[in-house]
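In what follows, a single structure is set out as structure tokens and then discussed.
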Amino acid sequence: MGTRLIIDTDPGVDDAFAIALAALSEDVELLGVTTVFGNVPLSATTRNARRLLSLCGRSDVPVAAGAQRPLVYPQPHRAHYAHGVDGLSGRSHVLPEPERELEQAGAVELLVSLLDAADGPVTIAPIGPLTNIAALLAAHPGVREKIDRVVIMGGALGHGNTTAAAEFNIWSDPEAARRVLTGGEVPCVLVPMDLTYRCAVDAEWLAKLNGSGQIGAALHALTPDYREHYNRALGWDGIVMHDAVAVAEAIKPGILHTETFPIDVDCTLGPSRGATVVDRRRAELRDDTDDTDVHSDTGELGRVRVATDTDLDGLRGFVLDRLATVTGR
């Protein structure tokens, strides 16, 4: 039995790579996909997720639409500057039409039903804003025992990408992120952009993907706007496949090196809104000086495993090998 996995997503070019990575992996039981607002509005993220599953021949995977907006404050803007007007560089039309109807139940309802029905622990990989996951944990505490890990792409240990302080997914709904990361209810692994940037792939890697077959060529066709954005962000020709790095860890625990740290999310309305505050001081110093009010429901400091390193070439090879398939399943 492979990893039982549910992906919560806002496709997004890097989400497209992540969904395909899970959908094409023989050692993954992809139970479902839920969608959330984020890179583009919910209607587009939902359509993109369904089309990506069709590309991968996975009409067996149910898709449900979730939150259209953050828990508290409106999202100031989308990520059209990176992902294009439709989330996929304006090229979502190259993907096949969805083969399966959208689930009538919403994302939280689908998550509950899939977790209840699972015959073992389930990994959830939220690779967009954390609104659906916060709602799930708040409204359905009984499902926590069925969740093995929540592997989250989001946050930054240094500077952000959407603001000087904040990474896009966490910035999009800081209140939801704080609920999930500091609640202490389920084991969380945070895969921050500091590491995902280091896993960026170059033109040679992308050319190999393009030449690998029908699915690889289709994924490559979604990258032009995204690639142009990252040419500016990186200073060289390549892309950052943020979400695929997190899904790689969800599929193969330990492919990323993690360390446990106390964490908080800035939910103020100032310039650091959405920042992930990770306390990387030595434990002895934290014990001497800690006077924060970052507590879980159990009264303990909220602690999260944070991905800090990996075998970069090994990670890139793992993703390419899984995506470079002609027919999928």
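Every read-out reported here was derived from the displayed coordinates using simple, explicitly stated rules and does not represent laboratory data. Fair warning: this is a prediction, and the values are worked out from it, not measured in the lab. Cβ coordinates were reconstructed from backbone atoms using ideal geometry, including for glycine residues, and neighbour counts include every protein chain displayed.
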Seminar exercise, completed: Asserting the computed 222 nm helical MRE of the chain (DSSP H runs at least 4 long, -39500 (n - 2.57) per run, divided by residue count, to nearest 500) equals -10500 deg cm²/dmol
For this session: Note down the net charge around residue 269, summing +1 for each Lys or Arg and -1 for each Asp or Glu among other residues with Cβ under 15 Å from its Cβ.
Result: -1
Problem set entry | Rounded tilt (10° steps) of 224-234 against the dominant C-alpha axis of the chain | 40
Seminar exercise, completed: Given 166-176, 314-324, the highest-first ranking by average Cβ count within 10 Å works out to 166-176, 314-324
For this session: Among 162, 308, 268, determine the one that fluctuates most according to a GNM of the chain built with springs between C-alpha atoms less than 10 Å apart.
Result: 268
Seminar exercise, completed: Check: C-alpha center region 209-263 vs C-alpha center region 37-86, spacing in Å is 17
Exercise. Near the amide H of residue 304, under 5 Å away, which other amide H atoms are found, from residues 5 or more places off or on another chain, if H is placed in the peptide plane?
Worked result: 261, 263
Exercise. If you line up the long axis of helix 42-55 against the longest principal axis of the chain, both from Cα atoms, how many degrees apart are they, to the nearest 10?
Worked result: 50
Seminar exercise, completed: When 77, 159, 83 are ranked with the fewest other C-beta atoms within 10 Å first, the list becomes 77, 159, 83
Exercise. Which one of 275, 117, 107 has the biggest mean-square fluctuation once the chain is modelled by GNM with Cα springs under 10 Å?
Worked result: 117
Exercise. Antiparallel DSSP bridges in the chain: what percent, to the nearest 5?
Worked result: 35
Seminar exercise, completed: If each K or R counts +1 and each D or E counts -1, the residues other than residue 132 whose Cβ falls under 13 Å of its Cβ total -2
Problem set entry | Cα long-axis angle, helix 242-251 against the chain (0 to 90 degrees, to the nearest 10) | 80
For this session: Give the share of C-alpha pairs in each 10 angstrom bin for region 1-100, from 0 to the last occupied bin, in whole percents, shortest bins first.
Result: 17, 49, 27, 6, 0
Exercise. Just 17, 37, 261 to compare: in a GNM of the chain, with alpha carbon springs under 10 Å, which one fluctuates most?
Worked result: 261
For this session: Evaluate the Debye formula for region 3-323 with equal point scatterers sitting on the alpha carbons, no solvent, and hand back log10 of I(q)/I(0) at q = 0.07, 0.12 Å⁻¹, in q order, two decimals.
Result: -0.24, -0.74
Exercise. Excluding residue 233 itself, what net charge comes from residues whose Cβ is under 15 Å from its Cβ, given Lys and Arg +1 and Asp and Glu -1?
Worked result: -4
Seminar exercise, completed: Ranked on Cβ counts within 10 Å of their own Cβ, fewest leading, 263, 19 go 263, 19
